[in-house]
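Coordinate-derived values only; no laboratory data. Just so you know, these numbers come straight off a predicted model, no measurement behind them. Virtual Cβ from ideal backbone geometry, glycine too; neighbours counted across all protein chains shown.
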Amino acid sequence: MDGRPIGVFDSGLGGLTTVRELCRLLPGEDIVYFGDTGRVPYGSRSRETIVRYARQDVAFLRTFDLKLIVIACGTVSTTALEVLAQENPIPVLGVVAPAAAAAARATRNDRVGLIGTQASIRSGAYEALIHKEDPAAQVFSQPCPLFVPLVENGRFKPGDVVIETVAAEYLAPLKAAGVDTLVLGCTHYPLLEGVISAQMGPEVTLVNAGAEGAWAAAARLAELDALSGRDGGGTCRYFVSDRQEDFSRLASIFLGWDVTGAVGQVDISRY
Ligand code: DGL
């Protein structure tokens, strides 16, 4: 048993979809969350910049005595997981492998759609892992660079004409390809589930990378015999690199509960 907290980070709010699932699965675990809200989005940046930002995020999180870190960000998982896992003495897990495995299990016609940030799609990491699990799978990928800024600005609800128009354009080629499974390869996208599912139709299975990452982290902790051993009472501390007020308001929507305690502000350039 291990009572130390789990560290979770993302470029912004998206990783809260992983936190939400972790809290549901493991209510007795303490969590420290960092959202790099001052530098979001990561997905349009170069590999070098993403690795540099991710190293700083991990360096901040490691000022806490953590037992495991979850990269609750598709972009960092596709681009910097190996580097971070090598450089740190505690387990560092991403969301890509668990989401790829879930997609391979879910598809019945071997036609899998993938949406993610430009950096994630460019990396080819999801495709490689889906093929590893299901060599017959054809993967149709589509970068969706406008999704993250729209979600971070609260534009994710069905009925919002801006997000619906953007989604229709991004998803049209995947619909035309006849995919029966769609990987939401960025942890911001589960907020768009309503909009995406309305466009793709009920017969398309959506794979939520944020939730898959949480399930994989819970399984790894159990394997390592590193769960806290508590049934409830876990706490969650939040830190961001930009205004705390904006974060608290939107975070409540991502999490499905109010962020009540103080949110810390971090000068991430110091790490
Ligand atoms: N949530 C991040 C991801 O999963 C968003 C990336 C970004 O900041 O562009 O990819």
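Estimated from helical segments only, the mean residue ellipticity of the chain at 222 nm is -13500 deg cm²/dmol, where each DSSP H run of four or more residues counts as -39500 (n - 2.57). Measuring how big region 18-64 is from its alpha-carbon positions, Rg and Dmax come out at 13.2, 38 Å.
Given 0.36 nm per residue, what is the gain on full extension from ARG249 to ALA59 after removing their alpha carbon distance, in nm? The partial results should precede the final answer.
On the way: separation 190, 0.36 × 190 = 68.40 nm, distance 2.64 nm.
That works out to 65.8 nm of additional length.
Assuming charge only on the beta carbon of Lys and Arg (+1) and of Asp and Glu (-1), the dipole of region 9-118 about its Cα centre is about 320 debye to the nearest 20.
With no solvent and one equal point scatterer per Cα, compute the Debye intensity ratio I(q)/I(0) for region 153-265 at 0.11, 0.13, 0.14, 0.19 Å⁻¹ and report its log10, rounded to two decimals. Results for region 153-265 at q = 0.11, 0.13, 0.14, 0.19 Å⁻¹ read -0.52, -0.70, -0.79, -1.11. What is the distance in Å between the Cα centres of region 193-258 and region 1-78? Result: 11 Å between the Cα centres. Straight-line cross-link reach from LYS157 at under 24 Å between alpha-carbon atoms covers these lysines, not counting any fewer than eight positions away in the same chain: LYS175. Note on region 1-94: Cα convex hull, mean projected area over all directions, 5.6 nm².
Per Stokes-Einstein, at 10 °C and 1.306 mPa s, what whole-number D in µm² s⁻¹ belongs to the chain, with the Kirkwood radius over Cα pairs as the hydrodynamic radius? Intermediate values should be presented prior to the final figure.
Working: Rh = 18.4 Å.
This corresponds to a translational diffusion coefficient of 86 µm²/s.
For region 36-85, dividing the convex hull volume of the Cα atoms by the residue count gives 75 Å³ per residue. Taking the longest Cα principal axis of the chain as reference, the axis of helix 47-61 is set at about 40 degrees.
Given a Förster distance of 45 angstrom, what is the FRET efficiency for GLU169 paired with GLU87, based on the Cβ-Cβ distance and rounded to 0.05? Walk me through the intermediate numbers first.
On the way: r = 39 Å, r/R0 = 0.87.
Result of the calculation: an efficiency of 0.70.
Along its three principal directions, the equivalent ellipsoid of region 105-157 from the Cα gyration tensor extends over semi-axes of 26, 13, 8 Å, largest first.
When each of the peptides 116-122, 214-220 is scored by the mean number of other C-beta atoms lying within 10 Å of its residues, the order from highest to lowest reads 116-122, 214-220. Calculation over all alpha carbon pairs of region 151-190 in 5 angstrom steps from 0 returns a P(r) of 5, 19, 25, 29, 17, 5, 0 percent. All C-alpha pair distances within region 133-200, sorted into 10 Å bins from zero, spread as 19, 55, 21, 5 percent across the bins. Here the spin labels are modelled as points 7 Å beyond Cα on the Cα-Cβ line, and at ARG47 and GLN265 they lie 3.6 nm apart.
Loop-located trypsin sites (Lys or Arg not before Pro) in region 40-116 (DSSP state not H, G, I, E or B) with no more than 10 neighbouring Cβ atoms inside 10 Å: ARG108. Any idea what the dipole of the chain comes to, in debye rounded to 20, about its Cα centre with Lys/Arg Cβ at +1 and Asp/Glu Cβ at -1? With Lys and Arg at +1 and Asp and Glu at -1, about 300 debye.
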